[in-house]
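Take a look at the structure set out below.
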Amino acid sequence: MQTEVIDSIKFGILNPEDAKKLSVVKLTVPDTYNEDGYPIEGGLLDQRMGVIDPGLLCKTCGARAKSCPGHFGRIELVRPVLHSEFSKVVYMILQSTCRNCHRLLLSDEHIEEYKGALTKLEEVVVDVETDAIEDKVEMGSLPMLKRLKNMKKCERCGTPKGKLKFSAPTYFYVDDYKLKPDEIRDLLAKISIEDLQVLGIDSVASRPEWLILSVLLVPPVNVRPSITLESGERSEDDLTHKLVDIMRINLRLEQNLNAGAPQIIIDDLWELLQYHVTTYFNNETASIPPARHRSGRALKTLAQRLKGKEGRFRYNLSGKRVNYSARTVISVDPNINLDEVGVPFEIATKLTVPFYVTTWNLDKAKELLARAEYPMVMNVIARDGKRKRVIDLNREELIKELQPGDIMERQLMDGDITLFNRQPSLHRVSIMSHKAKVLKGRTFRMNYCVTPPYNADFDGDEMNLHVPQNLEAQSEAAYLMSPQYQIFSPRDGDAIITNNEDGITGMYLMTKEDNYLTKEQAVYILSIAKVYELPKPTKDGLYRGRDIFSAMLPKGLNFEGKSAKSPFVIKDGKLIEGVVTKETFGRGDNKLLVKIGKDYGYDVLKDFIFQTAKVADAYVTLMGVTVGVKEYTTSKKLEVERVRLLEETFGKIEELITQYKTRKLEPLIGYTLRQSLERMIIAELNLVRDKAGETLLKYETSEDNAAVEMTRSGSRGSVLNIEQMTMFLGQQATLSGGRIKRGYYTNRVLPHIVPGDVRPGARGFVATSYYSGLAPTDLFMHAVGSRSSEVYKALLTARSGYLYRRLSNALQDYCVDSDYSVRDTNNNLIQTVYGGDRVNPIFVQFQKLEAHEKS
Amino acid sequence: MTSKSDHELVPVHELMSDKEVKELLQTLNLTLDGLPKILESDTQAVKLGAKAGQVIKIYRRDGKRENPYYRTVVEG
């Protein structure tokens, strides 16, 4: 085969003569079928343009519908019309040329001037091909065109240009005389090659008079197939409809011309023809009404087929649909392991996995092929690549023919490797491999511990499932993309797949210092973890929660880490000291999960997370953990403390203000006196917030308070959250981060405030809490804060999302070489030593990374 | 007058000899254009009098470690 490299493609304008040569038939009859339902010869479905009905032969190439590529036809317009999409070019040329001498309006010297500038530009930017054209237009052509546009008369023959008016989409007037398309064509035809070159037009590829249409190419039938409705009625494509319109008017115009009809009638028909041709190209052309279907629906013509989100480019070419995939709503199932996904039965019956028939599994294959219900074979792909659908009628035959080397497509079964994905796929853990588990119901089921990498929740999220179709893809997916290998984030080494929410709360409550379970409870909990050995009971016949936790630990584990207050110590697989918190598991300097993963492998680790989460859920369910008003009711003592704290702070701020007024305030370095005051006030308010948090923890010591317990365990909520609900809401901030200071006229937030008041209450400090109820003015302050944080969030996610995308796309192909240097795909050096320390955070257990502190 | 390049945050720049460059490229399995680039007009390159085609070695602190970074000098 001869191969050549394409180094350039040039687009030009279709010459009417070429159009005639290109087409196989001249269409003359503005209709589709005759009474017998047969395509009319010379009509719009003439069989020389190809056929669409299976079985018929194309009259040009003799091929059947499937293999005939289709052939163009043509309509010869009796009067030329403008191509609306090119009318701007026509306008530009008409503006630039003389209607008397048909040359550019500029004198030879001026032309040389611009030509010189253009060639000079060409020399300068000769290497930078892409920018060259833009530069030429920007620096050379645009100023010239602007000059030409403003010229009043021809510099050569002195003929005045007259008032040229362009009215979109296709009308041109000179001194209020309407130019007819054929007149325009004559003008354009007389422009010399040299003059066109100056205008940037290559007259070989695109003569300007070709912009005026006299021959219209008609696309082949397979571009605009007609549909046969169930009722047997034929329905034509929009393009065919439009072409019928064009031909009808064209025919009427011809008849009227031959009959010597008055000029007015001719002009009217001509204009109508122009309208039909314009809408044929683009039915959304500005300032003309769109052509409509009988039902009132606007026709979808050529431009509409290509344009926009649902157009050919974005919908069909850039976006393709994927086979062997499924999509549905997701929901939770804590009884499904981390690396599993619950697949609805209905989906499992439709997705298929290849089964490679070999000499060794031939019997098994035949057995499978013989099945007529659920795990059954859907298709058999013989060695010659022919795919046959298995139906009851041919099953016996197929079994007989089955040979090693054939591939059977069997339905999805438990344990099959699938890829699970949630959009937007921002990072690698947005697609992970899960083993299928076929279940009843119509949703994908997943363990809630794998929710964070997908950023999924169950409020209606949908996810996609793909089935890898060969062994290489399957094993790659199973070994590289399985959740157990993605537990730790390469960003900072923290676990992204870990117990969360109740999965932590339960562990925390269970492993608390003096927590004991009855035998029934212990047995129940352990049975959930599939541990069938009871730990040693205490003297009272009770079981320590801690020991229950220990029973789930791998045998012989030794670990020392951090807990809420005390150290967290495991010796020989037994929890000796400390209580489980989020930090103990997978965050910070020393992580239990890393230790288990390193010493026992990721499979054990995965199951550990799964079991503990399940047990924690069961424990929480058993004991009951709930949050209500009770959690946010303040004690008398705390209320007194709250008032004291606020009074103290307000007093200090009052003092600062007095100092400011008497000029005794010591300004901070680099700030004006007023700025200093503002900063000091903010500092005071931040201080009172922190102090309130501390007092809250000091007074709310009860272990019955679920909200505080959740905060302590790290599973949900912070001290600040509780503080805002029970004590005071605190400072409301604006977008810029400062205190609120505008909103009402004369520089105040609300009319109740004296202008210039800088005290906390006047600048958005809310001293009331959700529990006590917000004071009316505070509610407004709160609304300001809420609104700006909502706006900020929207803006930030849009911006940072795009930033992150650009960054990750730029870095995605870099990899660490065997000598620990970072290289790109061309083996160019990016960094001599990976990360400056050769450390992959995923594998770090307790080194404090000084170089890469979390930001 | 104090120069900006004396500031503690500006790492030490050093011009490598042709022999060193040859060895470096061999160990890194690279040609000269595989290295990251530095402009001839860069203040540090100017200070060292580096010409296009030479290599500058930069001792940069990565946390507690000090690592060498290499830049080929290019025109401009």
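The values are calculated or read from the model by the stated rules, or taken from the named source; none is laboratory data. Note that this is a predicted model, so its numbers are computed, not measured. Here the Cβ is made from the backbone with ideal geometry for all residues, glycine too, and neighbour counts use every protein chain on show.
Evaluating residue B:76 against the criteria (1) more than 19 Å from residue A:817 (Cβ to Cβ); (2) in a strand (DSSP E or B) leaves one unmet condition, (2). Among the residues of region A:297-337, just one is at positive phi and modelled with pLDDT under 90, namely A:308. You will find that of A:61, A:101, the residue that is without any contact (Cβ under 8 Å) to a residue 60 or more places away in the chain and within 30 Å of residue A:162 (Cβ to Cβ) is A:101 and no other. Annotation for region A:351-360: no member residue is touching a residue at least 60 places away in the same chain (Cβ under 8 Å), surrounded by 14 or more Cβ atoms within 10 Å (Cβ to Cβ) and within 23 Å of residue A:497 (Cβ to Cβ). In the set A:489, A:433, only one residue is surrounded by fewer than 20 Cβ atoms within 10 Å (Cβ to Cβ) and of a type in the set (Ser, Thr, Tyr); that residue is A:489.
Restricting attention to region A:64-75, does a residue exist that is modelled with pLDDT under 85, surrounded by 13 or more Cβ atoms within 10 Å (Cβ to Cβ) and in contact with a Gly (Cβ under 8 Å, 6 or more places away or on another chain)? Yes, some residue in region A:64-75 is modelled with pLDDT under 85, surrounded by 13 or more Cβ atoms within 10 Å (Cβ to Cβ) and in contact with a Gly (Cβ under 8 Å, 6 or more places away or on another chain).
Hey, can you tell me all the residues within region A:86-117 that are in a loop (DSSP other than H, G, I, E, B) and buried (at least 19 other Cβ atoms within 10 Å of the Cβ)? Passing the criteria: A:98, A:103, A:105, A:106.
I'd like to check something: does region A:736-759 contain any residue that is assigned to a loop (DSSP other than H, G, I, E, B), of a type in the set (Phe, Trp, Tyr) and more than 29 Å from residue A:660 (Cβ to Cβ)? So far as region A:736-759 goes, no, none of its residues is assigned to a loop (DSSP other than H, G, I, E, B), of a type in the set (Phe, Trp, Tyr) and more than 29 Å from residue A:660 (Cβ to Cβ).
The set of residues in region A:621-650 that are surrounded by fewer than 21 Cβ atoms within 10 Å (Cβ to Cβ), touching a Ser or Thr at 6+ places or on another chain (Cβ under 8 Å) and in a helix (DSSP H, G or I) comprises A:632, A:638, A:641, A:645.
Quick check on my filter: what residues within region A:224-248 are under 41 Å from the mean Cα position of the chain (by Cα), more than 19 Å from residue A:298 (Cα to Cα) and among the hydrophobic types (A, V, I, L, M, F, W, C)? Hit for region A:224-248 is A:229, nothing else. Please tell me if residue B:24 is crowded, with 16+ Cβ neighbours inside 10 Å and either within 9 Å of another protein chain (Cβ to nearest Cβ) or among the hydroxyl-bearing types (Ser, Thr, Tyr) (or both). No. Give region A:782-833 a look and list any residue that's under 23 Å from residue A:429 (Cα atoms) and at the interface with another protein chain (Cβ under 10 Å from one of its Cβ atoms), or say none. Selection gives A:817, A:823, A:824. Take residue A:217 and tell me if it is under 24 Å from residue A:60 (Cα atoms) and in a strand (DSSP E or B). Considered against the rule, which asks whether it is under 24 Å from residue A:60 (Cα atoms) and in a strand (DSSP E or B), residue A:217 comes out as yes. Within region A:21-33, is there a residue that is assigned to a strand (DSSP E or B), closer than 19 Å to residue A:217 by Cβ and of a type in the set (Lys, Arg)? So far as region A:21-33 goes, yes, one or more of its residues are assigned to a strand (DSSP E or B), closer than 19 Å to residue A:217 by Cβ and of a type in the set (Lys, Arg). For region A:160-189, enumerate the residues that are part of a loop (DSSP other than H, G, I, E, B), out of contact with any helix residue (DSSP H, G or I) (no Cβ under 6 Å at 6 or more places or on another chain) and surrounded by 14 or more Cβ atoms within 10 Å (Cβ to Cβ). Within region A:160-189, A:161, A:162, A:179, A:180 meet the criteria.
Every residue, every condition in (1) closer than 30 Å to residue A:500 by Cα; (2) in a helix (DSSP H, G or I); (3) touching a His at 6+ places or on another chain (Cβ under 7 Å), yes or no:
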| site | (1), (2), (3) |
| --- | --- |
| A:368 | no, yes, no |
| A:378 | no, no, no |
| A:384 | no, no, no |
| A:396 | no, yes, no |
| A:399 | no, yes, no |
| A:405 | no, no, no |
| A:415 | yes, no, no |
| A:432 | yes, no, no |
| A:436 | yes, no, no |
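When we screen B:42, B:62, B:33 for residues that are within 14 Å of chain A (Cβ to nearest Cβ) and surrounded by 15 or more Cβ atoms within 10 Å (Cβ to Cβ), the only hit is B:62.
Just checking, does region A:503-513 include any residue being touching a Cys at 6+ places or on another chain (Cβ under 8 Å) and under 30 Å from residue A:416 (Cβ atoms)? Scanning region A:503-513, I find at least one residue that is touching a Cys at 6+ places or on another chain (Cβ under 8 Å) and under 30 Å from residue A:416 (Cβ atoms), so the answer is yes. Per the listing A:788, A:818, A:808, A:718, the residue uniquely in contact with a Leu (Cβ under 7 Å, 6 or more places away or on another chain) and either of a type in the set (S, T, N, Q) or surrounded by fewer than 12 Cβ atoms within 10 Å (Cβ to Cβ) (or both) is A:788. Residues in region A:76-85 that are surrounded by fewer than 21 Cβ atoms within 10 Å (Cβ to Cβ) and over 16 Å from residue A:251 (Cβ atoms): A:85 only. When residue A:335 is tested against (1) touching a His at 6+ places or on another chain (Cβ under 7 Å); (2) part of a loop (DSSP other than H, G, I, E, B), only condition (1) is not met. Under the condition of being without any contact (Cβ under 8 Å) to a residue 60 or more places away in the chain and touching a strand residue (DSSP E or B) at 6+ places or on another chain (Cβ under 8 Å), the residues counted in region A:18-36 number 3.
Of the set (1) touching a residue at least 60 places away in the same chain (Cβ under 8 Å); (2) not in a helix (DSSP H, G or I), all apply to residue A:808 but (2). Could you please find all residues in region B:6-33 being at pLDDT below 90, farther than 21 Å from residue A:831 by Cβ and either within 14 Å of the chain's Cα centre (by Cα) or not in a helix (DSSP H, G or I) (or both)? Within region B:6-33, B:7, B:8 meet the criteria. Of the residues that make up region A:771-780, is at least one modelled with pLDDT of 90 or more, within 14 Å of chain B (Cβ to nearest Cβ) and not in a helix (DSSP H, G or I)? Within region A:771-780, not a single residue is modelled with pLDDT of 90 or more, within 14 Å of chain B (Cβ to nearest Cβ) and not in a helix (DSSP H, G or I). Considering region A:834-855, the residues that are more than 14 Å from chain B (Cβ to nearest Cβ) and modelled with pLDDT of 80 or more include one that is nearest to residue A:486 (Cα to Cα), namely A:842.
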